[in-house]
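The structure under discussion appears below in the form of structure tokens.
The values are calculated or read from the model by the stated rules, or taken from the named source; none is laboratory data. From a predicted model like this one, the values you see are computed outputs, not experimental measurements. Cβ: placed from backbone, ideal geometry, glycine included. Neighbour counts: every protein chain shown.
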Amino acid sequence: MPKQSIQHFNLWTETISALMSDGVLLNSLGDDGQPNTMTIGWMTGGIIWGKPILIVLVRPSRHTFSRLEQVPEFTVNVLPTELRAALQICGTESGRKADKFARARLTPSPAQRVRVPVIEEALISYECSIVHRNNMDPTTLPQEIMHNAYAGGGFHRLYFGEVLATTATVDARARLGKVM
């Protein structure tokens, strides 16, 4: 189904609902020109510095981390619920060893404003350019979070991406509304 441009946060409730239920896909691109995708469950968004910003968290051990450092752009893609299996594949396999797009039967498609592709099958896609990044400071985290999320270390880097374009299918709200 063709996508249309929308206001950046018009489908934010649906995006957060998908993030909380199955996750969403974060796409990156390396210097080699090969795209990668990974399932994420931690993200937030809003207006920072007068700009629409998505903040995604990526551990340095992830293949996506090095790619975000090489090409400072990313896309976030919300899949329909019938593609939950693709989210599982992209969340458990490494892009270092396999083409996750092929394994998950997803189609990378050119984005409007960034070099990193969107996913053709996605209902909503956000195109972002990294404007800031910082490492999580473990000394400021409550013990409960340290215990539950970082028992083995591996603290995330936070990537602040300015949303340059947002697209959605005409039926995105109706199809994602079933998740809520």
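Determine whether Thr44 is among the hydroxyl-bearing types (Ser, Thr, Tyr) and either on the phi > 0 side of the Ramachandran plot or touching a helix residue (DSSP H, G or I) at 6+ places or on another chain (Cβ under 8 Å) (or both). When the stated conditions are applied, Thr44 does not pass them. Taking the listed residues Arg59, Arg67, the one that is surrounded by 19 or more Cβ atoms within 10 Å (Cβ to Cβ) and basic (Lys, Arg) is Arg67, with no other qualifying. Looking at the structure I just gave you, is Leu158 over 30 Å from Met1 (Cα atoms), surrounded by 13 or more Cβ atoms within 10 Å (Cβ to Cβ) and not β-branched (Val, Ile, Thr)? In short, yes. Within this structure, Gln70 passes the test of being in contact (Cβ under 8 Å) with a residue 40 or more places away in the chain and over 14 Å from the mean Cα position of the chain (by Cα).
Tell me whether segment 31-49 contains one or more residues that are exposed (fewer than 15 other Cβ atoms within 10 Å of the Cβ) and among the charged types (D, E, K, R).
Taking every residue of segment 31-49 in turn, at least one turns out to be exposed (fewer than 15 other Cβ atoms within 10 Å of the Cβ) and among the charged types (D, E, K, R).
The residue that is modelled with the lowest pLDDT, among those in segment 74-130 that are small (Gly, Ala, Ser), crowded, with 17+ Cβ neighbours inside 10 Å and assigned to a loop (DSSP other than H, G, I, E, B), is Gly95. Does segment 139-156 contain at least one residue that is within 26 Å of Ser17 (Cβ to Cβ) and within 17 Å of the chain's Cα centre (by Cα)? There is at least one residue in segment 139-156 that is within 26 Å of Ser17 (Cβ to Cβ) and within 17 Å of the chain's Cα centre (by Cα).
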